[in-house]
Amino acid sequence: MSRRKGAEVEGSWRDRARVYVARAELTLAMEDTLPLRAVPLTPDPLTAFARSFEGLRDDLGESAEVCFDLLPLTSAKRRARRRKAIDAGQSDMGRGGSSDLAQQLQVALWGGGGSSSRRQPVRRQPTGGLRDMELRAARKATMAKLVSVEPMFSVQVLCRVKSSVAGRPQAHLHAILAAFEQWTGDNWWRTVGHRVGWVHLGADSSPWARARFDRRMDTGLFRPAKDCVVTATEIAGLLKPPTVSCAATNVARSGGVIPPPPLGLPEYRVGDPDLLPLGTVATRDGDRAVGVYLNETFFSLSAGRSRFGKTEGALCRFIALARAGHGCFFLDPHADALARVKPYLVDIAPRVLEINLAAGRQARQAGWNLFSMEGRGPEDVEARVSAVVDSFASALQWGEVNNRALTLTTMAAQSMCELALVLPPDLAPTIFQMTTILADDEWRELVLPHLSSASQGFWSTRFSKLSSDAITPVTNLIDRLRSSAAIAALLGSSRSTYDIRKAMDRGDVVLCCPAGIGDKDRLISNFFVYDLLQAALSRRDTPSAQRRPFHMFIDEMQTIDGAAKGNLAAILEQTGKFGLRLHAMVQQPTRLTRTTLDALLTNRSHLMSTVVGSDSARLLSREWGGRVAPEKNDRQPRAVHVRDLGDLERPGVRPVPRSRLRRQPAVGRGPPA
C-alpha cells in the first residue's frame, strides 16, 4: 500500500452559493494495532496546521476546518481487541507462522494462562536479515500498543475547506493533509476512498457522500468510514491548544490564565466608606463591582502603559474615597486627570484644595512658603530642611558624587528656616532667598548674626573656600522657578495658605498639578510629595488611634524617585504607621530605583497591572509567585487589570466605569486653596 498520504485529494463541487468545497476524511493506513509515530510536543506539532491556515483569505470567503472526534474505548472493547490479537497470532502459528506475539500477549495479560488446548510450543524462526528486524520491530510496536494502560479512543478525522475561487480549496486541503505527515511511523494517516484509474472516489464522490460528510462535520455525529483506534500518546499533540513552542504568527495568544477572584471578595456599593473599589469581575450573573476593605489597604502599586486604564482606575478609587469622607491627595503631572475629576467633587467643594500651576496667570493661586516656621519650633527645622533637600536630590538625581551641591542646598535651607524662626511671619524668607544667601555677600553678612553657630561657621569659613561656580547647580534651577509666574506666585509668599499637615488632620481633598514634566516641574512635584511625607512623620505627636488615614495618589511615580540614597524608600517604610496610605502609579516598575521598588513590593497590600514591558512583566510574575505568566501582561486588553490582593486570592478585574459614579453638575470650581 502506498504511503503517499495526501496525494489523493477529493474533488470540489460548486453549490448554489458559488462556493467551492474540498473534503477529506482520514483514517489509519495499516491495522490499528500498529501505532502512529509519537510526535514530541516541542516543537509544537500544531505549528504545521497553523501555517497551513495562513494562506486563507477573508475577502474570498475562505475557511478551513479540521475536526478530530474521539470516542473512548470501554474496558470490554479493549479486552476484545487483545483477545482478537491473540487468536490471530495463534491462527498464524497454525499456518506455520510465528507465535511470538500471541505468547507475549498471553504472558503480559494473563501470565501465560488460558486453555491448555490453546497453548502451543513456540517455533523459533531464524534471526537475521532486514525482513526479520522489521517484523520484530512491528511485533514490539503492536505489543506496546495492545498492552498499554493509557486511554484509547476510536477516532474520526474530517477536513473541509471552502473558497469562492475554484482550485483554492484543493490547494489548502493539500497543505492541511501534509501537516499529518509528522505522525508517519509504523502506521500513518491516509484519505478514505478508492482509486479508479486516475479518479479518486472519496468524501466528494457523490451527493450522498457529501451530505453524509457534512452531517457528521456539522453535528459531531460519530460514524467513521473505518474503525481505527489510537492511544492518548499517539495523538497528544492534537489534544491541546497551541503552546509557546508554536512558531506560527496567526495563533491567538492568551499568555496564560488569570486565577479567578476570591469567593469572599466583598461587593462594592457607591458611597461605602469601608471599601476601596477595585473594579468589576465577571460572574455567572453578570459583572459585579467588588472592593477590598480599607483596613487591609497599606500601599498599592499600579503598573501599565499609557491609555490602558491605569489612571482611570486610580481616579475611580480617588473619587470614591473623597466622596466617602476620607482625606485624599492626588498628584497629576498632566492636568487632564484633575479636569475630569473635579465635576464629581462639586458637592464637597469646601473640602477641596486645588493647586494647579497649569491654570494660567489669571487663576487664583495659593501661597506656600517651604520655609515657613509659623506655629513651629526649632525641633521642626530638620524635617523642613530634609523635605527641600530630598526634593532637589530626587529631581536632579543627585548622588554621592554631588556632595558639594547637597551641602550647599542643605546649609542654605537650614539658614532660611533659622531666619524664619526669628523674623515675623510676614517677612519669612522663601525658597528664592536661597539664591540670595548663596550669591549676595552683603546680604549674607547681614543675616549671619541671626543664624546658629553651626551655620555661621559654615558661611564665614568654609563657604569662602569654595569655587565661584559651586553654587551654579542650585541657583540655576531656582532662577528657572522664578521665571514662571505661577510658580513665583505659589512659592514667593512669606505666609502659607497651604498646610498639608492640617489638610491630613481635617480629611481634606488636595488636587495638585505642576505646570508640566520638565526639570522645574519635577522639582515642584517633589516639593509636594516630600512635604507630605514629612508631614506624615510629624504625626508622632498624635496618638496612633487619632491618626486619621490619608490616601496619597501619585501618577508617574518615577518622576519623584531620582535620589540615589533611597530617601523615598526609607520614608515610605516609616509613614504607614502614621496613617499615610500610598497609591502609586507607574508605566514600568523597572524605572523606579531598586530601593524604592523593594520598599513598595515589600509593604504593598495590592499590586495591579495592565500591559507592561517584558522586564516588568517578569518582575511582576515573580512577585505573584508565578500564578500569572509574564506573557499575560503583554497581551491584556485595555482596561483589564491583573491584581494581587495580598493575603486574598489573585483576581483579574476591570476598573469601575465612570458612569457608575454619581456626577455632580459643574456649578463652579469651589473656593480657592
Identify all residues within region 378-395 that are surrounded by fewer than 21 Cβ atoms within 10 Å (Cβ to Cβ) and touching a Leu at 6+ places or on another chain (Cβ under 8 Å); write none if there are none. 378, 381, 383
Name the residue that is farthest from residue 23 (Cα to Cα), counting only residues in region 195-216 that are of a type in the set (Phe, Trp, Tyr) and loosely packed, with under 12 Cβ neighbours inside 10 Å. 198
Flag if residue 311 is among the polar types (S, T, N, Q) and either in a helix (DSSP H, G or I) or surrounded by 21 or more Cβ atoms within 10 Å (Cβ to Cβ) (or both): yes
For region 132-244, which strands (runs of 3 or more DSSP E) that fit wholly inside it have 2 or more residues that are at pLDDT 90 or above? 152-163, 189-191, 229-231
Please name all residue pairs, on different chains or six or more residues apart, with Cβ atoms under 9 Å, provided the first residue is in region 48-59 and is on the phi < 0 side of the Ramachandran plot and the second residue is exposed (fewer than 11 other Cβ atoms within 10 Å of the Cβ) and of a type in the set (Ser, Thr, Tyr). 50/249; 51/249; 54/249
Would you be able to say whether some residue in region 400-415 is touching an Asp or Glu at 6+ places or on another chain (Cβ under 7 Å) and at pLDDT below 95? no
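Yes/no matrix, rows are residues, columns are (1) buried (at least 21 other Cβ atoms within 10 Å of the Cβ); (2) part of a loop (DSSP other than H, G, I, E, B); (3) not aromatic (Phe, Trp, Tyr):
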| site | (1), (2), (3) |
| --- | --- |
| 530 | yes, no, no |
| 552 | yes, no, yes |
| 559 | yes, no, yes |
| 569 | yes, no, yes |
| 595 | no, no, yes |
| 621 | no, no, yes |
Scan 538, 605 and give me the residue that is of a type in the set (Ser, Thr, Tyr), in contact with a Ser or Thr (Cβ under 6 Å, 6 or more places away or on another chain) and either under 24 Å from residue 311 (Cα atoms) or part of a helix (DSSP H, G or I) (or both). 605
Please state which of the following conditions residue 325 fails to meet, knowing it meets all the rest: (1) of a type outside the set (D, E, K, R); (2) modelled with pLDDT under 85; (3) at positive phi. (2)
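Results for (1) in contact (Cβ under 8 Å) with a residue 40 or more places away in the chain; (2) in contact with a Phe, Trp or Tyr (Cβ under 9 Å, 6 or more places away or on another chain); (3) in the same structural domain as residue 390 (by TED's automatic domain parsing); (4) over 25 Å from residue 357 (Cα atoms), shown as yes or no for each residue.
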| residue | (1), (2), (3), (4) |
| --- | --- |
| 413 | yes, yes, yes, no |
| 420 | yes, yes, yes, yes |
| 448 | no, yes, yes, yes |
| 456 | no, no, yes, yes |
| 464 | no, no, yes, yes |
Could you list all residues from region 218-237 that are in contact with a helix residue (DSSP H, G or I) (Cβ under 7 Å, 6 or more places away or on another chain) and under 16 Å from residue 184 (Cβ atoms)? 237
Scanning region 49-81 for residues that are buried (at least 19 other Cβ atoms within 10 Å of the Cβ) and either under 19 Å from residue 157 (Cβ atoms) or not assigned by TED's automatic domain parsing to the domain that holds residue 165 (or both) gives 49, 52, 53, 64, 66
Within region 252-308, restricting attention to residues that are aromatic (Phe, Trp, Tyr) and within 24 Å of residue 556 (Cβ to Cβ), which residue is surrounded by the fewest Cβ atoms within 10 Å (Cβ to Cβ)? 298
Would you confirm whether any residue within region 570-582 is touching a helix residue (DSSP H, G or I) at 6+ places or on another chain (Cβ under 8 Å), among the polar types (S, T, N, Q) and within 16 Å of residue 619 (Cβ to Cβ)? no
Hey, could you check region 302-344 for residues that are of a type in the set (Asp, Glu) and out of contact with any strand residue (DSSP E or B) (no Cβ under 8 Å at 6 or more places or on another chain) and say which is nearest to residue 291 (Cα to Cα)? 312
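The values are calculated or read from the model by the stated rules, or taken from the named source; none is laboratory data. Treat the numbers as computed from the prediction; the structure is a model and nothing was measured. Here the Cβ is made from the backbone with ideal geometry for all residues, glycine too, and neighbour counts use every protein chain on show.
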